[in-house]
1. Where residues in segment A:360-369 are facing chain B (nearest Cβ under 8 Å) and out of contact with any Leu (no Cβ under 6 Å at 6 or more places or on another chain), which of them is farthest from A:Ile412 (Cα to Cα)?
2. Being more than 18 Å from A:Ala389 (Cβ to Cβ), within 14 Å of chain B (Cβ to nearest Cβ) and within 24 Å of the chain's Cα centre (by Cα): is that true of A:Ile310 here?
3. B:Phe23: facing chain A (nearest Cβ under 7 Å), within 25 Å of the chain's Cα centre (by Cα), in a helix (DSSP H, G or I) and farther than 19 Å from A:Ala306 by Cα, yes or no?
4. What is the one condition in (1) surrounded by 11 or more Cβ atoms within 10 Å (Cβ to Cβ); (2) at the interface with chain A (Cβ under 9 Å from one of its Cβ atoms) that B:Lys9 does not satisfy?
5. May I ask you to verify whether A:Lys251 is within 30 Å of A:Ile74 (Cα to Cα), assigned to a loop (DSSP other than H, G, I, E, B) and away from chain B (no Cβ under 11 Å)?
6. Based on this model, can you work out whether A:Asn31 counts as within 21 Å of A:Ala159 (Cα to Cα), open to solvent by 80 Å² or more (accessible area, probe 1.4 Å) and under 26 Å from the mean Cα position of the chain (by Cα)?
7. Does segment A:399-409 contain at least one residue that is within 7 Å of another protein chain (Cβ to nearest Cβ), open to solvent by less than 20 Å² (accessible area, probe 1.4 Å) and either out of contact with any Ser or Thr (no Cβ under 6 Å at 6 or more places or on another chain) or assigned to a helix (DSSP H, G or I) (or both)?
Amino acid sequence: MNLNKLTIKQASHGLAKKEFSAVELTEATLNQIKKRDKDIYAYLTLTEELALSQAKRIDKKIANKEKIGLLAGIPVAVKDIILVEGVRCTAGSKILENYIAPYDATIIKKLKQSGAIIVGKTNLDEFAMGSSTENSAFGPTKNPYDLERVPGGSSGGSAAALAADECIYALGSDTGGSIRQPASFCGVVGLKPTYGAVSRYGLIAFASSLDQIGPITKTAEDAQIVFDAIKGKDEMDSTSLNPPDKIQNSKFKIQNLRIGLPEEYFVKGIDPAVEKIVKKAISQYEKMGAKVMEVSLPHTEYALSAYYIIQPAEASANLARYDGIKYGLSEEANDLLGVYLQTRQHGFGNEVRRRIMLGTYTLSAGYYEDYYIKAQKVRTLIKEDFNKAFEKVDVLMTPVSPTTAFKLGEKIDDSVAMYLSDIYTVSLNLAGLPSISIPCGKVGKLPIGLQIIGQQFDDEKIIKIAQEYEDRSI
Amino acid sequence: MININHIDKLARLGLTEKEKRKFKKELSAILDFVEKLKQVKTDKVKLTAQVTGLENVSRIDKGQAKSKQERKKLLNLVPHTKDGYVKVKAIL
């Protein structure tokens, strides 16, 4: 049995039944990394010692017949933008190449309490800015389904590590599609929870009104297990919150489910082969008894523009902290200004500088109203579009990305073409909605994801709907 | 038209002349793309900065003393220190 191929549910079951130990499961995972990762390059840092010592502790607990949770003893890969105390955290950037995290992110604290085994930190686009992992200062990750193609991004390392069975599950972050798009390209499940449902404390900030942490797993069932472990309000993140008091009803009958297809999402620009497979997946739900109807999200065509104003604006403010004074890279110069300039000149890659400049421009005097305020108003209209659609339907279903995984180097010199690969995902971040990407077929050997979108705090519901597909499809 | 020298100065990026030319071209392409927003009528629309409707979330206004160990961990990350302080170049 290849232990590293198991799901969380299966591995947890095996540990409880003593079919294998946590150390054996961890070693199987580490061995797979050693075998496969020189081709994939999913990991930036391995935490072998930490992992094995955590695994030994869990085995002791099992031997002592202590009760353990579903995540105890299960190896996880963590996107290298989430802090794990004492472990290097680079954010894929030269500016943090030697940065050692001084504390645990809240979700890491929670996972450690659940007995999780952290095997390493995964590659990403620098500061999570990108859709292919090619913007990493440490080199690109490759797609396990085709080594000449990108795994997607920015959580490309996490999705590729999972697809290559180099972990049992992974953590990612999603600002405009960075969990869902790589999950789609790598044939795994990716959940972007409702904005604020999971604490961002200890996640290196990119665009704070959009950033959200979520799980990347082999099944929707596993996504629920991880989400349960990491969700909830946190005093250390003022934007985090629990679902409102009104009883959250995640129960539903598939026969009563109303599924909306946004007409603006199935238009030119989408690869016809992708469209066909996504529509076939949706027809599966129809066969199960769900009603499928067209809905309209009229401001869809403006979403990417609004996103590419709001997101770089917030990024330019967040990344002002990298000044060579408090931590990270620090270049020598004759005066203070020189330290700033030299450090930022050498520390940041091209995409990061591009976005800092774009954000600086749209926030600067004379342009702020025309760009930033305008984009925030359009954000309201986009959110209202979804509210109106949800008066008629329970969930929306769409493709995750208009294409399958593209070739390395294909879009790296054309920012706008790269940005377009997030066309179906950014709106959800602007509206704070939860959505999940699940594998629903392949074009040739390349996987495709179906995106299921719910209303705010419908996280559990969309996971259950995803599970129905997994259970019934062959 | 984007004034690249002004943006470079504001963002403290220390760009070379060659980089300025390159970025100016690339930024213009992105700005052309987002220009589309001008078509949307938004006179009576309120802006959204926070999507879940939280307002004025604050914590108790009280400092927290760090333990010696925590101080050490943070100071170890600082490029230049002196007597437990962060050392910077003279400002004036």
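The values are calculated or read from the model by the stated rules, or taken from the named source; none is laboratory data. Here the structure is a predicted model, which means the values were calculated and not measured. Cβ placement follows ideal geometry from the backbone for every residue including glycine, while neighbour counts extend to all protein chains displayed. What goes into the accessible areas is simple: the full protein's heavy atoms, side chains included, and nothing from ligands, DNA or RNA. Shrake-Rupley method; radii C 1.70, N 1.55, O 1.52, S 1.80 Å.
1. Only one residue tops the list, namely A:Ser364.
2. Considered against the rule, which asks whether it is more than 18 Å from A:Ala389 (Cβ to Cβ), within 14 Å of chain B (Cβ to nearest Cβ) and within 24 Å of the chain's Cα centre (by Cα), A:Ile310 comes out as yes.
3. yes
4. Result: B:Lys9 fails condition (2) only.
5. yes
6. In short, yes.
7. Checked against the condition, which is being within 7 Å of another protein chain (Cβ to nearest Cβ), open to solvent by less than 20 Å² (accessible area, probe 1.4 Å) and either out of contact with any Ser or Thr (no Cβ under 6 Å at 6 or more places or on another chain) or assigned to a helix (DSSP H, G or I) (or both), segment A:399-409 yields no hits at all.
Matching residues to (1) open to solvent by 30 Å² or more (accessible area, probe 1.4 Å); (2) in contact (Cβ under 8 Å) with a residue 60 or more places away in the chain:
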{"position": "A:Ser173", "(1), (2)": "no, yes"}
{"position": "A:Ala197", "(1), (2)": "no, yes"}
{"position": "A:Tyr201", "(1), (2)": "yes, yes"}
{"position": "A:Ile204", "(1), (2)": "no, yes"}
{"position": "A:Val226", "(1), (2)": "no, yes"}
{"position": "A:Leu241", "(1), (2)": "no, no"}
